[in-house]
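Okay, so here's the structure we're looking at.
The values are calculated or read from the model by the stated rules, or taken from the named source; none is laboratory data. Being a predicted model, the structure only gives us computed values, none of them experimental. Cβ placement follows ideal geometry from the backbone for every residue including glycine, while neighbour counts extend to all protein chains displayed. Heavy atoms of the whole protein, side chains included, go into the accessibility calculation; ligands, DNA and RNA do not. Shrake-Rupley method; radii C 1.70, N 1.55, O 1.52, S 1.80 Å.
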Amino acid sequence: MSQKQLKEAFISNLNGTSLLEISAGLSLPPLCLLCRGLLLILYYLHHGKPVSSRKYSLLLDFLVLVSPLLFSCTVLSPIIFFIPVILAAFCAGIFSKIYSQRKREAGAPFGQIVKEFQKACLDPECIPAITVFRVYVNVLTSISILAVDFPQYPRRYAKAETYGTGVMDLGVGAFIFGNALVCPEVRQKSHTAQPRFSSLARQVFSVWPLVSLGVGRLLSVKSIEYHEHTSEYGVHWNFFFTLALVRLAASLLLAIFPKHKAWLAALALAGLYQLLLGTTSLKMFILHGSDGRGSRLGFLDANREGLLSLFGYLAIYLASVQAGLWLLQRRSSVRGWLEALRGLALAVVALSVLLQLCQACTEPVSRRVANLPFCAWVLAHCLLLLGLFVLADLALVFTKLLVKGSSVPCCWKVVQPLDSRKKHGMEAVPEGRQGELSQLCLISAINKNQLLFFLLANVMTGAVNILIDTIHSKAAFTLCILHLYMFFNCLVMYILHARNIVLKFW
């Protein structure tokens with residue numbers, strides 16, 4: 001077999017992993033975020049000032065926010081269930097140290113801090129969990145697209161061939177979910193009167209970079225005979241085309257139907273698509289082609305997975321729009337977000353029950369087909385991850401109340417109550433030195449140029465695969481390459497952020 005055939009075989013015919021293992025992995029990013037925030041608060045407590053060095057800030061963010069994920073999906077994957085426990089214990093130790101030192105300094109009683117926390121007002125204009133969710137989906141995707149080519153990345157984490165739940169299968173759906181959370185239909189204020197098809201017109205213009213990237217990927221892959229998994233999207237199709245068409249189709253539907261009923265459109269679309277899969281020959285066509293032998297004759301046959309899975313991804317996008325509209329409802333208090341957490345938990349439970357029922361009555365999860373179980377699985381786990389990020393943010397808000405003046409970038413800002421501001425004629429004043437610290441945050445840096453970060457990761461992945469025999473790499477070499485690759489990508493974003501450069505002109 002040629003090197004190209006070896007690499008294609010290495011990522012083919014896989015069956016995924018368990019839902020429990022994926023859930024355990026999803027707890028790691030929020031714990032990393034919580035750990036980073038607690039370390040910054042502890043530093044402020046000891047030194048009376050935030051981390052001021054950009055060099056050390058980047059190193060801290062990379063070592064705490066990114067590096068643990070690299071280890072957990074490679075050499076530490078056999079003990080993946082213990083890693084969240086270890087990280088949680090480490091966070092508890094830092095919090096205990098912060099609280100004990102604050103207690104020695106004769107601060108307010110713990111009960112008073114709890115009451116202050118419950119009454120605390122948060123900046124309603126910013127929901128850090130959404131930003132962090134989208135950034136981490138990008139980071140995890142960037143790690144996986146290169147790590148999957150190394151033997152240290154468990155095969156069960158890679159994309160399943162037909163049925164199964166791989167980590168990378170979830171990543172594809174999470175990318176759709178994250179894009180829908182901040183789409184124009186969600187960000188557009190409901191009370192502003194705008195033309196009905198204005199969002200559609202903007203989306204037509206805004207997706208041209210995705211179409212260009214899709215064409216660029218297609219030409220580059222074919223020209224250098226780069227290894228590719230044909231049954232993933234087809235011969236000519238790729239994820240950039242999927243994302244572009246889903247955004248356009250969703251904008252068209254949301255221009256016709258009320259956006260606050262998007263979940264009904266999503267349910268109807270996913271249900272009808274699943275009905276067609278179960279009662280017609282559509283599923284056989286997707287899996288085995290028009291002749292039943294997997295032929296790729298004609299454009300539709302050659303790209304059947306990419307084209308027909310659009311219905312499932314569109315359902316995920318529409319449901320995610322509904323989630324985004326619900327999350328962006330104005331909540332300015334901790335109590336409001338604790339209630340929102342309860343709502344997220346109920347949604348996760350309902351979707352998990354739907355997933356089990358769908359798998360029992362229809363078929364298992366299939367990313368290749370993007371069936372109803374796949375939609376329910378993606379939405380349940382994305383809402384779970386989002387809820388964990390909200391929980392981590394609230395924990396950091398509580399800790400910041402223990403250490404007055406401390407601040408954590410990409411975390412909620414505590415503001416004065418509205419009544420108090422009106423009484424004194426003041427604007428909302430966030431605690432700490434949030435504006436300064438935001439310049440030293442890796443999450444903010446990646447968030448400013450997310451598409452560029454994803455594109456750079458794809459280019460670097462291709463370069464590494466061309467230059468290195470990834471399949472036969474040793475563990476130490478693999479870890480070194482993956483860390484250098486991710487650090488380079490993060491460093492480029494960090495430098496652009498430091499210079500206030502946003503490479504977006506569409």
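Taking the condition modelled with pLDDT of 85 or more, open to solvent by less than 70 Å² (accessible area, probe 1.4 Å) and closer than 21 Å to Ser67 by Cβ, does Cys126 pass? Judged against the criteria, Cys126 is not a match.
Only residues that are open to solvent by less than 20 Å² (accessible area, probe 1.4 Å) and closer than 17 Å to Pro68 by Cβ were counted in segment 147-178, giving 4. Looking only at residues that are modelled with pLDDT under 95, among the aliphatic types (A, V, I, L, M) and open to solvent by 60 Å² or more (accessible area, probe 1.4 Å) in segment 460-500, which one is farthest from Thr74 (Cα to Cα)? The extreme case among them is Ile495. Scan Leu14, Leu6, Leu26, Leu33 and give me the residue that is more than 21 Å from Val85 (Cβ to Cβ), at pLDDT 85 or above and open to solvent by less than 50 Å² (accessible area, probe 1.4 Å). Criteria check complete, one pass: Leu14.
Per the conditions (1) open to solvent by 20 Å² or more (accessible area, probe 1.4 Å); (2) on the phi > 0 side of the Ramachandran plot, the sole criterion not satisfied by Gly289 is (1). Note on segment 7-75: enclosed helices (runs of 4 or more DSSP H) holding 3 or more residues that are over 27 Å from Cys382 (Cα atoms) are 28-47, 54-61. Applying the selection to segment 209-251, what residues are within 24 Å of Asn449 (Cβ to Cβ) and among the β-branched types (Val, Ile, Thr)? Val211, Val215, Val221, Thr242, Val246 - these are the residues of segment 209-251 that are within 24 Å of Asn449 (Cβ to Cβ) and among the β-branched types (Val, Ile, Thr).
Can you find even one residue in segment 384-395 that is small (Gly, Ala, Ser), modelled with pLDDT under 85 and surrounded by fewer than 24 Cβ atoms within 10 Å (Cβ to Cβ)? No: zero hits. Report yes if Asn371 is buried (at least 18 other Cβ atoms within 10 Å of the Cβ), of a type outside the set (A, V, I, L, M, F, W, C) and in contact with a Pro (Cβ under 9 Å, 6 or more places away or on another chain), otherwise no. Judged against the criteria, Asn371 is a match. The set of residues in segment 295-309 being of a type in the set (Gly, Ala, Ser) and exposed (fewer than 12 other Cβ atoms within 10 Å of the Cβ) consists of Gly298 alone. Comparison of Ala250, Ala255, Ala268 shows that the only residue that is at negative phi, touching a Lys or Arg at 6+ places or on another chain (Cβ under 7 Å) and small (Gly, Ala, Ser) is Ala255. In segment 215-223 there is no residue matching the filter, namely being surrounded by 13 or more Cβ atoms within 10 Å (Cβ to Cβ), over 24 Å from the mean Cα position of the chain (by Cα), part of a loop (DSSP other than H, G, I, E, B) and free of Cβ contacts under 8 Å to residues at least 12 places away in the same chain.
Take Gln152 and tell me if it is farther than 30 Å from Lys448 by Cβ and touching a Cys at 6+ places or on another chain (Cβ under 9 Å). Judged against the criteria, Gln152 is a match.
Would you mind telling me which numbered condition in (1) assigned to a helix (DSSP H, G or I); (2) among the aliphatic types (A, V, I, L, M); (3) at pLDDT below 95; (4) open to solvent by 50 Å² or more (accessible area, probe 1.4 Å) Val85 fails? The number of the failed condition is (3). Considering each of Glu116, Glu21 in turn, give the residue that is open to solvent by less than 70 Å² (accessible area, probe 1.4 Å) and under 16 Å from Leu394 (Cβ atoms). Only one candidate passes the filter, namely Glu116. Sub-8 Å Cβ pairs linking a first residue in segment 108-135 that is closer than 13 Å to Leu327 by Cβ to a second residue that is open to solvent by 40 Å² or more (accessible area, probe 1.4 Å) and assigned to a helix (DSSP H, G or I), at least 6 apart or interchain, are Thr131/Asn447; Arg134/Asn447, ordered by first then second residue.
The residues in segment 45-82 that are within 27 Å of Ser407 (Cα to Cα), modelled with pLDDT of 95 or more and of a type in the set (Gly, Ala, Ser) can be counted, and the count is 1.
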